[in-house]
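Okay, structure first, notes after.
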Amino acid sequence: MAGEMTVERVPLTPEMLLPVDEYKEKGQYFYLEATEELLPNGRVKVVNYGEMIMLGGYSYLGLIGHPKINAAAKAAIDKYGTGTYGVRLLAGTLQLHNELEERIARFKQTDAAVTMSSGYVTNLATISSLLRKNDTVICDKLNHASIVDGCLLAMAKFVRFRHNDMDHLERRLREANPLGRKLVVADAVFSMDGDIINLPEMARICQKHDAYLMIDEAHSIGVIGKTGHGIEEHFDLPPDTIDIKMGTLSKTIPSAGGYVAGSEELVKFLKHEARAFIFSAAVPPSSAGAAIAAFDVIEEEPWRVEKIQSTYQRFAGKLREAGFDLLHTETAIVPVVCGSTPVAANLAKHCQDNGIFVQAVVSPVVPEGLARLRACVSAAHTIEDLDYCADVIIEGGKKYGVI
């Protein structure tokens, strides 16, 4: 109609936090790159880049492509096909799922376990389903996003404590509603910093204040503990130290999915109350078969755990000696702090130009001023390749003024 004002339509998508187009214009966009072939010794062939040393992945024990694990995945497809008849609670449970959950329970020394479709879903479903009004969930400041999202979705009061600060945790517990349940949640190994939660002190404080304890072991299984069994073994603590043992099937375990291991009562509850278990697809047969075999391989080939624990110390040691700030890492996750976002992006591109697959992690994923490369060591890497990676990073660090 004449005189009618034209109102510009609001865009469908809000402004992105990551300036993708700007990165692409500068030739610094190295995300969503496609691997076309797996090569020996932790190397990959990448579309448009060719052969590269994979220094940005989570296959900590180098189990991707392991012949026993591949064979188990193929056997599962031959027996069960590629999917299931539905969600687990109805027609989607296979004997293979029960075998996997029994295997996880044995590995983590618990009564039972339950698997879900991803690690993210597992944290989200577990935390949100367990907690009610009057309860309090207390979360380490640097916990993974899936833990944070589970806390936000829960009906409980959500508070945080300063990273690995046990005095602050205890203060938070004193402030919690005494009439409700208290759940403390933390990563075992922090995915951006590589450091380890102070489990002995955390467990003591939780016991003192009658709080339950949940630990996410996504980055600790296969990496810490004398035989790679995780954080309780690392600190030589009894297997009932942690009430809720969460982990993934997509990092050290080269499959897909997540799990919670704990008491029979806990697992029964999650199987009948956790919405993401009830309403999500089951772990595919091939993934379940692969995961069972992977837990076996960890115990059958202890040299892999020994190797990663020695090689990440060598790699981190070379970088520290050169003057890099690696924060407080004690594990295969090595944060190479660069400071500003542009410097981290430049150093990442320097590595990529020299055949190293590693990426810059910048704000808002990490705090402004702590942009970094996140290098991840694998037992598949050769010493020669890791030394080469360290030399290239040192060269780039000098070029861009990091060291």
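Quick notes
- For the chain, the Cβ-based charge dipole about the Cα centre amounts to some 560 debye (Lys, Arg positive; Asp, Glu negative; other atoms uncharged).
- Note on ASN134 and GLU300: the extension gain reaches 55.2 nm, defined as 0.36 nm multiplied by sequence separation minus the Cα-Cα distance.
- Of the peptides 14-20, 126-132, 89-95, the order by per-residue mean of other Cβ atoms within 10 Å, starting with the highest, comes out as 126-132, 89-95, 14-20.
- Ordering of 346-355, 328-337 by burial proxy (mean other Cβ atoms within 10 Å per residue, highest first): 328-337, 346-355
- Residue-count net charge about ALA75 - beta-carbon cut-off 13 Å; Lys, Arg +1, Asp, Glu -1: +1
- The equivalent ellipsoid that matches the C-alpha gyration tensor of the range 295-386 spans semi-axes of 26, 14, 13 angstrom, in descending order.
- Using every pair of distinct Cα positions in the range 210-327, the Kirkwood expression returns a hydrodynamic radius of 16.3 angstrom.
- With a cut-off of 11 Å between beta carbons, the residues surrounding THR248 carry a summed charge of -1, where Lys and Arg count +1 and Asp and Glu -1.
- Of LYS68/LYS141; LYS182/LYS268; LYS45/LYS74; LYS157/LYS208, those spanning more than 28 Å from alpha-carbon to alpha-carbon: LYS68/LYS141
- Where chymotrypsin sites (Phe, Trp or Tyr not before Pro) fall in DSSP loop in the range 54-120, at most 11 other Cβ within 10 Å: TYR85
- Annotation note: trypsin sites (Lys or Arg not before Pro) in the range 28-102 located in DSSP loop regions with a Cβ neighbour count of at most 13 within 10 Å are absent.
- Peptides 27-39, 210-222 ranked from most to least packed by the mean count of surrounding Cβ atoms within 10 Å: 210-222, 27-39.
- Accessible surface computed residue by residue for the chain, with neighbouring protein chains in place and a 1.4 Å probe, gives 47 Å² per residue.
- Cβ-based net charge around LEU173, under 10 Å, with every Lys or Arg adding one and every Asp or Glu removing one: +2
The values are calculated or read from the model by the stated rules, or taken from the named source; none is laboratory data. Predicted, not measured: the structure shown is a model, and the values here were computed from it. Glycine gets a Cβ as well: all are built from the backbone with ideal geometry, and neighbour counts include every protein chain shown. The area values use the complete protein model at the heavy-atom level, side chains included, leaving out ligands, DNA and RNA. Shrake-Rupley method; radii C 1.70, N 1.55, O 1.52, S 1.80 Å.
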